Each structure stands twice: as C-alpha cells, then as structure tokens.
Amino acid sequence: MQTFAEIATLREQIKQYKRDGRSIAFVPTMGNLHEGHLTLMRKAREHADVVIVSIFVNPMQFDRSDDLSNYPRTLEDDLNKLGNEGIELVFTPDPEVIYPNGIEKQSFIDVPGLSNILEGVSRPGHFRGVATVVTKLFNIVNPDVALFGEKDFQQLTIIQKMTTDLAMDIKVISVPTVREVDGLAMSSRNNLLTMDERQRAPVLARTMRWISSAIRGGRDDYASVIEDANDQLRAAGLQPDEIFIRDSQNLASVTTETTQAVILMSAFLGQARLIDNQVVDLTVETKEELISEQSSEIPE
C-alpha cells in the first residue's frame, strides 16, 4: 500500500494507473474508519481495478471549531485497516495541501436548492464545505467511480446533483447504511457513547422504523407523526434534534406524486449527535405486511 500526502506525487502514480489501463474507484473519508467505511471499499473493488482512499478531516465543513478539534483522528489505526483490506493507495493530505491559501480565499462549490435546506439550515456552510472538498478531491484523483454511504443521505443527494450539474465523468455509487446487529447505524461518533448510552442508541433506528410503518400505513399527518416520534426519543433519554419526511428524489415536501419518501433523523445522546435515514415506498403494500411490520417495530 502506498501513502501520499502531496498532490503532485499522487497524480504521477494515478497517471501511471491510467497508462496501464486500470480503472479507479475512489472512497473519500475523514478517517476513524469502521466497518461501514470498509464496506464501501469492498464494494469499490467490485467496480474498478484500483481502489484509492483519502483520509482528510475537512475544516471547511465544520461550523464549530470545537467540533473540528474534537473530531477523532486515528491515522495509524486507519492505515492498518486499509492495509488489511488490500487498498493500493491512500491520500492523507494536510489542510495546507488542500487549501494552500487558506479557507477564506478558497473558491467554493455551492449546490442551490439542496445545500441550504434541512440540515443545511442548522449547519450553515457545512454542505458548501462538503461539495468543495469533494470536487477538489475528484479533480485530484480523477476516478472512474466514487462510492458514498447512504447514511449521510442529504450529502449523497448533493454530491449526486453536483456531479451531474458540473458534467463530471464520474459515476457516483451509493452504498446502503451498515448497521450494528441491534440496528444502530455505524458511525465514528458512536465511539463517544458511554456503555449506557450505547444501549439506548438503537431507539433512534427503532423510532425511524415506527415512522416508516405509520406513513406506509396511511398516516399523512406528518407533523403529528414527528411529534409522536420525538416523544418516543425523549422517553428513551435521547434529545431530539431534527426529523424530516421528504421526497427521496429531491428532498422537497412530499406530494401526492411522491412514490418514495425519506425519513431523515438526528438526535443527541450524551456527547454524540446520531443521524439516520430510511427510504419509504409509498406505493400500496399488502395489509398483512403492514400489520406485521407495525406490530414488530413499535419502539419499546
């Protein structure tokens, strides 16, 4: 496994891959790797000859300096995991490499209509930072395909639209959220949970599945559904942050024309902000399926 920290030397190696006729899959990360990340890399190997991974904690997407400074950095452990996965190349730049003139003087990418709604309202500038760094990494790595997890659903939607709008010759592949056996979505931030909090954390996913059953069962009073869900989270000791029910294709409000909705959820538990999402098919399902799901998914 080769590790590069500078753009010029990285590009020389990528040019050699291209000259050899090898296709490239790219997985951008911020490190602190877990099984969810490694799943992306295994999927990447199905789509290309070479898998390139970046590890870069992007300061441009943090709206709070303390959140940036507290973000876990586990480079040595990450490199060991990547070596065990047989990754060919890892890009580990410092912020000065990505933003040589500083963030304030950096040109940026903004995706209108998607970056400033939902989570973008409470985290101004976050998705601008994501879109900018992903574009820059795409330009550096020049991959054929890039893989992103569906856990960050709004981020994935933004990257897909950005890639299309800017006519990038890159196929963006989404990979379903990887979960623990109790349903909790895998996340680097799960490491912040105490043992007691870890036991309660799966309530987020259970509540999300309850919402799914409710709206598939015919409830369209979304404000009331969301308030009921918030009550369930509070009862389990979680602090609700945001719950949205939107059209999964464009994150707009659900209409009679919507065939798939997406539930976007976040809640605080101790020091961790947990996020999750679920796409819900709004087409007609059998009554037996709905009854079975509703009886099994009601949060305890």
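Suppose all protein chains stay in the model; what accessible area per residue would a 1.4 Å probe give for segment 70-135, in Å²?
Details: 3340 Å² over 66 residues.
That works out to 51 Å² for each residue.
How much solvent-accessible surface does residue 37 expose, in Å² to the nearest 10, with a 1.4 Å probe and all protein chains in place?
30 Å²
In Å and from the alpha-carbon atoms only, list the Rg and Dmax of segment 19-120.
Answer for segment 19-120, Rg first and Dmax second: 15.7, 44 Å.
Listed highest first by mean packing, meaning other Cβ atoms within 10 Å per residue, what order do 259-268, 190-199, 204-213 come in? Write out the running numbers ahead of the final one.
Values: 259-268: 19.6, 190-199: 14.3, 204-213: 22.4.
Packing proxy ranking, top to bottom: 204-213, 259-268, 190-199.
If you take the charge dipole of segment 9-52 about its Cα centre, with +1 on Lys and Arg Cβ and -1 on Asp and Glu Cβ, which of 52, 34, 9 is farthest toward its positive end?
Value: 9.
Sort segment 165-242 into rounded, prolate or oblate with this rule: let a ≥ b ≥ c be the square roots of the eigenvalues of the Cα gyration tensor; rounded if a/c is under 1.5, and if a/c is not under 1.5, prolate when a/b is larger than b/c, oblate otherwise. Could you put the intermediate results ahead of the total?
On the way: a/c = 2.26, a/b = 1.22, b/c = 1.85.
Cα axes put segment 165-242 in the oblate bin.
Regarding segment 207-280, what are the three Cα extents along the principal axes, ordered largest first, in Å?
Projected onto the principal axes, the Cα atoms of segment 207-280 cover 39, 21, 16 Å.
Can you say what percent of the DSSP beta bridges in the chain, counting only those with both residues inside, are antiparallel? Round to 5.
Approximately 50 percent, going by the DSSP bridge assignments.
Using a simple charge model, +1 on the beta-carbon of Lys and Arg, -1 on the beta-carbon of Asp and Glu, nothing else, what dipole does segment 64-221 show about its Cα centre, in debye to the nearest 20? Walk me through the numbers on the way to the answer.
On the way: 18 positive and 23 negative charges, 111 e Å.
Rounded to the nearest 20 debye, it is 540 debye.
Would you mind checking which residues have amide H under 5 Å from residue 56's amide H? H placed 1.01 Å from N; only 5 or more apart, or other chain.
Those lying under 5 Å, H to H, from residue 56 are 29, 30, 31.
Restricting to DSSP loop positions (anything but H, G, I, E, B) with no more than 16 other Cβ atoms inside 10 Å of their own Cβ, which trypsin sites (Lys or Arg not before Pro) remain in segment 43-109?
On the way: sites: 43, 45, 64, 73, 81, 105; in loops: 64, 73.
Passing both the DSSP loop test and the Cβ count: 64, 73.
Would you please give the residues with an amide H less than 5 Å from that of residue 150, counting only those at least 5 places away or on a separate chain, with H modeled from the backbone geometry?
175, 177
What residues qualify as long-range amide H neighbours of residue 241, i.e. H under 5 Å apart, gap of 5 or more or another chain, H built at 1.01 Å from N?
HN-HN under 5 Å from residue 241: 266, 267, 268.
What ranking do 235-244, 222-231 get when scored by the average of other Cβ atoms within 10 Å per residue, highest first? All intermediate terms of the calculation are to be shown ahead of the outcome.
On the way: 235-244: 17.1, 222-231: 15.6.
Ranking, from highest mean packing down: 235-244, 222-231.
When the helices in the chain are scored as -39500 (n - 2.57) per DSSP H run of 4 or longer and the sum is shared across all residues, what 222 nm value do you end up with, to the nearest 500 deg cm²/dmol? The partial results should precede the final answer.
Values: 12 runs with 122 residues, N = 300.
Here the helix-only value at 222 nm equals -12000 deg cm²/dmol.
On the Cα set of segment 68-108, report Rg and Dmax in Å, please.
Rg, Dmax (Cα atoms, Å): 13.9, 39.
If I compute Rg/Rh (Cα atoms, Kirkwood Rh) from the structure I just sent, which labelled value in (i) 1.10; (ii) 0.98; (iii) 1.04 lines up?
(ii)
Rounded, prolate or oblate: which fits segment 94-235 when a ≥ b ≥ c are the square roots of the eigenvalues of the alpha-carbon gyration tensor, with rounded for a/c under 1.5 and prolate only if a/b beats b/c? Walk me through the numbers on the way to the answer.
On the way: a/c = 2.03, a/b = 1.75, b/c = 1.16.
Prolate is the answer for segment 94-235, as a/c is 1.5 or above and a/b outweighs b/c.
Karplus couplings for segment 174-187 from phi (6.51 cos²θ - 1.76 cosθ + 1.60, θ = phi - 60°), rounded to Hz, Gly and Pro as x?
Along segment 174-187, the couplings run 9, 10, x, 4, 8, 10, 6, 4, 8, x, 5, 5, 5, 7 Hz.
Hey, got a sec? Which GluC sites (Glu not before Pro) in segment 31-136 land in a DSSP loop and have at most 13 other Cβ atoms within 10 Å?
On the way: sites: 35, 46, 76, 85, 88, 96, 104, 119; in loops: 46, 85, 88.
Within segment 31-136, the qualifying GluC sites (Glu not before Pro) (loop, at most 13 other Cβ atoms within 10 Å) are 46.
How big is the dipole moment of segment 197-244 about its Cα centre under a simple scheme where the beta carbon of each Lys and Arg is +1, that of each Asp and Glu is -1, and everything else is neutral? Debye, nearest 20, please.
So the dipole magnitude of segment 197-244 works out to roughly 340 debye.
The values are calculated or read from the model by the stated rules, or taken from the named source; none is laboratory data. Since the structure is predicted, the reported quantities are computational estimates derived from the model, not experimental observations. Note that each Cβ is placed from the backbone with ideal geometry, even for glycine, and that neighbours are counted across all protein chains shown. When the accessible area is computed, the model is the full protein with side chains, heavy atoms only, and any ligands, DNA or RNA have been set aside. Shrake-Rupley method; radii C 1.70, N 1.55, O 1.52, S 1.80 Å.
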